[in-house]
Amino acid sequence: MSQLDQALRRALSPEDLRLLDELSREEPLFIQAIKAFQDQHRLIGYIGWMGGFGLFGLACYFAYRFIDAPDLRTMILWGAATGLTVVAFSMIKLWFFMEMQKNNILREVKRLELQIASLRVIGAGAD
């Protein structure tokens, strides 16, 4: 820990120290996923997950039809449909992970804001 970090910790109130420690901890992936459903876009998250499950089921059905296809033309069509639904499903999952990453970045920005506010307190005390 550097001298600046030690000075920051001395200048912080116990509540600010608790908040800084809470913001500094890395959350498990499962907790991050749950928190993605707690922000202002939770309805979109629910719709995305339901759409993802629907697309996964549809991809499984299309894959079954692909395997069971009687001729090459229908096999190609069912294979293309399977590929498109897998791509759509993957895009929804990537969007969800980007939402989780956004929440992590916001947590880090809040932690930096707290540290900057603490530096102002230290700087004001030195004057």
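A short reminder: the numbers here are calculations on the coordinates, not readings from a lab. Just so it is clear, the structure is predicted and the values come from calculations on it, not from any experiment. Note that each Cβ is placed from the backbone with ideal geometry, even for glycine, and that neighbours are counted across all protein chains shown.
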Quiz item: When a footprinting reagent is the concern and you count Cβ atoms within 10 Å, what order do Glu22, Glu15 take, fewest first?
Solution: Glu15, Glu22
Quiz item: How do Ser90, Ser118 line up, fewest other C-beta atoms within 10 Å first?
Solution: Ser90, Ser118
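Restricting to Cα pairs below 8 Å that are 6+ residues apart, what does the relative contact order work out to for the range 43-113? Please round to a whole percent.
That works out to 34 percent.
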Exercise. Run through every distinct alpha carbon pair of the range 43-113 and return the Kirkwood hydrodynamic radius in angstroms, one decimal place.
Key: 14.0
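Based only on other Cβ atoms within 10 Å, what is the fewest-to-most ordering of Met75, Met98?
Result, fewest neighbours first: Met98, Met75.
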